[in-house]
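What follows is one structure encoded as structure tokens, with my remarks underneath.
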Amino acid sequence: MSLDQNLNKIIIIDFGSQFTQLIARRVRELGVFSEIVSHKKIKLKNINNSVKGIVLSGGPLNVYQNNKYSFDKKILRLDIPVLGICFGHQILSKLNGGRVKQSKHREFGLANVYKKNNSLLTSNFFRNKKSKQVWMSHADQVSKLPKNFKVVASSTNSKFAIVENKIKKYYGVQFHPEVTHTENGKKLISNFVFLICKIKRNWSSKDQKNKLITDIRKQVGTKKVICALSGGVDSSVVAQLLNKAIGKKLYCIFVNTGLLRKNEEAQVVQTFKKRLKMNLIYVNAKKEFLKKLKYISDPEKKRKIIGNLFIKIFERYAKKIKNVKFLAQGTLYPDLIESKSVTGSQTSKIKSHHNVGGLPKKMNLKLIEPLKFLFKDEVRKLGLELNLSKEIISRHPFPGPGLAIRMPGIITNEKLNILKEADYFFIQALKNHGLYHEIWQAYAALLPVKTVGVMGDNRTYEYLCLLRAITSEDGMTADYYEFKKSFMQSISNKIVNSIRGINRVVYDVTSKPPSTIELE
Ligand code: XMP
């Protein structure tokens, strides 16, 4: 689990929160190495001198469900600063003699916390204001503080919203400072890391690049690696990383699933084969994918079928190349947590991301997933460090199952062709209006309903096209992008007038949560 035993770090003990990865990310953004360990796996003996701070994450549990979590209390007696977040705050209080009970008012969403006392944790957090907006997500709360703890801030519903025990260096917050909705939340984390834990910066993209290249060389030896190249940011960075590490021992396999964006295949071949001179094998598997997906409309089934077929094709080509021992993939940290928590904690499963959840049980290749501890923006920085072009690095994410999960219901060639055109017009329009880079991810989807329209003097009965454009930092949470009316009108006109098969365009205005970014 550990990336480096010797690096000074902050460890995050995961109790299953959807946001645990974000805490790690926030710490790393500060240039400090951080590592996540499950509450089920953490042992007192794992905590050596390199651990300079401990964060207890949130989680879906209740502090009185003693049998559901295991946590060695002795970990808190090591004279290492501790920050408890949400459930972590409750458990910290309970283990020190405080009380936790069900709140009268469950709090989900924005709330204000009001300053009560000074603390190192909140230094420059309130910035001369009495209150700050924070993001809460809890049903229980601390109802009685342990001895020697004091209140630093309260909200209307949570008297003990921020607390501290300065002597023991214990800090607790009822809300989530790691999510962007908490105003100035990064400051709290930075205060914990630098002022309280007193750790020095030790984590940059250059450090990561050198470490990953050395690790890959060690792992691969004289064997060959195939890399699942999709042309997206993640797999491009993986390919270039392996290219730098092992050169011609790398074989990139690009599978045209038929579920790609318009012209994608030509662009990938041009970039990686012609420009970057990598070993690239182009596999046209359009028919194979469509055949397997025929009549399938269940999202999880689609994902599993696509994931399994991907791997089968890789294995088929690996055999042809001979002496291939490894398969490299661009799996990221969020992919892991949303498929099945990396740390084995209680996070509930949202979707099977194809490059994780869809893997067949018995694989003949070993996996290399060098980005599996990185977030998207860290991957982008790493890509720049590896001299990949800005154009590749700043592409919007594109999911492995491709257009299949942007077409609820069954998949047909006709629908795919319609969707490819709509998506192409949308993305082009974003680029032409200088909006592409303001948006984290955008796409068109085709909904499995037909509605009535009128064109010329004729009745039409055609598909509904949904446009989605979101802003996000990492794909874990997202907000819809607010377009000007003129842009919406022009793209809607362009799609309806140019594409036969669509007569209505709608815009998705849901955020994540409660929605997800993709439709399936
Ligand atoms: P959701 O829909 O879960 O998407 O909010 C979060 C981010 O992940 C991308 N995504 C995937 N990427 N394989 C991938 O490589 C997948 O199976 C997959 N499913 C979703 C999605 O496009 C968004 O950026």
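If you go through region 424-438 and keep only what is assigned to a helix (DSSP H, G or I), open to solvent by 80 Å² or more (accessible area, probe 1.4 Å) and touching a residue at least 40 places away in the same chain (Cβ under 8 Å), you end up with H437, E438. Of all residues in region 65-81, one or more are crowded, with 22+ Cβ neighbours inside 10 Å, over 19 Å from the mean Cα position of the chain (by Cα) and not in a helix (DSSP H, G or I).
For region 479-509, the candidate set comprises residues that are surrounded by 14 or more Cβ atoms within 10 Å (Cβ to Cβ) and in a loop (DSSP other than H, G, I, E, B); within that set, the residue that is nearest to the ligand (Cβ to nearest atom) is D508.
Residues that are in a strand (DSSP E or B), of a type in the set (A, V, I, L, M) and within 14 Å of the ligand (Cβ to nearest atom) were ranked within region 440-478; the one that is nearest to G232 (Cα to Cα) is A442. Scanning region 74-125 for residues that are among the hydroxyl-bearing types (S, T, Y) and free of Cβ contacts under 8 Å to residues at least 60 places away in the same chain, we see that the one that is nearest to F15 (Cα to Cα) is S103.
The lone criterion from (1) away from the ligand (no atom under 15 Å from the Cβ); (2) within 25 Å of Q208 (Cβ to Cβ); (3) open to solvent by 10 Å² or more (accessible area, probe 1.4 Å) left unmet by K376 is number (1).
Okay, residues lined up against (1) touching a Pro at 6+ places or on another chain (Cβ under 7 Å); (2) open to solvent by 40 Å² or more (accessible area, probe 1.4 Å); (3) within 18 Å of E520 (Cα to Cα):
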site: L280; (1), (2), (3): no, no, no
site: V283; (1), (2), (3): no, no, no
site: E288; (1), (2), (3): no, yes, no
site: Y295; (1), (2), (3): no, yes, yes
site: E300; (1), (2), (3): no, yes, yes
site: N308; (1), (2), (3): yes, yes, yes
site: I311; (1), (2), (3): yes, no, no
site: R316; (1), (2), (3): no, yes, no
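Is at least one residue of region 169-182 in the same structural domain as H105 (by TED's automatic domain parsing), part of a loop (DSSP other than H, G, I, E, B) and of a type in the set (D, E, K, R)? Yes, because at least one residue in region 169-182 is in the same structural domain as H105 (by TED's automatic domain parsing), part of a loop (DSSP other than H, G, I, E, B) and of a type in the set (D, E, K, R).
Checking the stated criteria, I405 turns out to be closer than 30 Å to S486 by Cα, at pLDDT 95 or above, assigned to a helix (DSSP H, G or I) and within 11 Å of the ligand (Cβ to nearest atom).
The values are calculated or read from the model by the stated rules, or taken from the named source; none is laboratory data. All of these numbers come straight from a predicted model, not from anything done at the bench. Using ideal geometry, Cβ is built from the backbone for each residue, glycine included, and neighbour counts are taken over all protein chains shown. Heads up: the accessible areas ignore ligands, DNA and RNA and are worked out on the full protein's heavy atoms, side chains in. Shrake-Rupley method; radii C 1.70, N 1.55, O 1.52, S 1.80 Å.
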